[in-house]
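First up is the structure itself, then whatever we jot down about it.
The values are calculated or read from the model by the stated rules, or taken from the named source; none is laboratory data. In this text, all values refer to a predicted model and were calculated from it rather than measured experimentally. Cβ sites come from the backbone with ideal geometry, for glycine too, and all protein chains shown count toward neighbours. Surface accessibility is based on the protein's heavy atoms, side chains included, excluding ligands, DNA and RNA. Shrake-Rupley method; radii C 1.70, N 1.55, O 1.52, S 1.80 Å.
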Amino acid sequence: MGGAATILVIAAIAALVIVRQFSARKVAGDRRRWWVLPAVLGYVAISRSGGALLDPEHTVLAAVLLGAGIAAGLVTGAGTAWTMRLWTDANGVVWAKGRGATAAVWAAGIVVRLGLLGIGALLGVHLNGQATTLTVAALLLAQSGALVWRAGLLAPAYGVAAPR
């Protein structure tokens, strides 16, 4: 896939993920497999890089920028999860939906990621699509993990007496 096509695919996936954040969705069903999609994305990013995840001409700078991107993804993911509204329906199913603060965290995360890409461009460091995919995997891992953890705080397991 060419550079323009990769950018379009990444933008389409990002738009889909962001729009999905603002629709009510079940969280309870994700308690055992919340990490699968981020793990698959991480694996695909690393395996598709062909050993060239980092710019070979600027290995240290590329590693620093990639690490900063992953850290930004983790912070953005945790931030979006903490700003989402969670509630339990009559059947004990936990639901989540993004709010205005969630949109602000998304916007900040995008600005940080674009800033890192800009810094990389100014320094002549090439950051490929696999690096972006890895940062998205980190974001989804943090968000999913935090949502599942928060959901566990809301609804006690069925058949277990509530603490007194």
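Within the stretch 1-22, the set of residues being modelled with pLDDT under 70 and surrounded by 12 or more Cβ atoms within 10 Å (Cβ to Cβ) comprises THR6, ILE7, ILE10. Filtered by the rule that a residue be open to solvent by 40 Å² or more (accessible area, probe 1.4 Å), more than 14 Å from GLY115 (Cα to Cα) and of a type outside the set (D, E, K, R), the stretch 53-70 gives LEU54, PRO56, HIS58, THR59, VAL60, LEU61, ALA63. Counting residues in the stretch 103-113 that are over 19 Å from ILE13 (Cα atoms) and in contact (Cβ under 8 Å) with a residue 60 or more places away in the chain gives zero.
Out of GLY77, GLY69, GLY98, one residue alone is more than 22 Å from ARG25 (Cβ to Cβ) and not aliphatic (A, V, I, L, M). It is GLY69.
Do you know which residues across the stretch 114-133 are open to solvent by less than 40 Å² (accessible area, probe 1.4 Å) and at pLDDT 90 or above?
GLY115, LEU116, GLY118, GLY120, VAL125
Looking across the stretch 91-118, the residues that are more than 17 Å from VAL19 (Cα to Cα) and not in a strand (DSSP E or B) come down to ASN91, GLY92, VAL93, VAL111, VAL112, ARG113, LEU114, GLY115, LEU116, LEU117, GLY118. Taken over the stretch 47-98, the criterion of being among the charged types (D, E, K, R) and either in contact (Cβ under 8 Å) with a residue 40 or more places away in the chain or in contact with a strand residue (DSSP E or B) (Cβ under 6 Å, 6 or more places away or on another chain) (or both) is satisfied by ARG48, ASP55, GLU57, ARG85, LYS97. Within the stretch 23-45, is there a residue that is of a type in the set (Asp, Glu), surrounded by 14 or more Cβ atoms within 10 Å (Cβ to Cβ) and over 18 Å from ILE110 (Cβ atoms)? So far as the stretch 23-45 goes, yes, one or more of its residues are of a type in the set (Asp, Glu), surrounded by 14 or more Cβ atoms within 10 Å (Cβ to Cβ) and over 18 Å from ILE110 (Cβ atoms).
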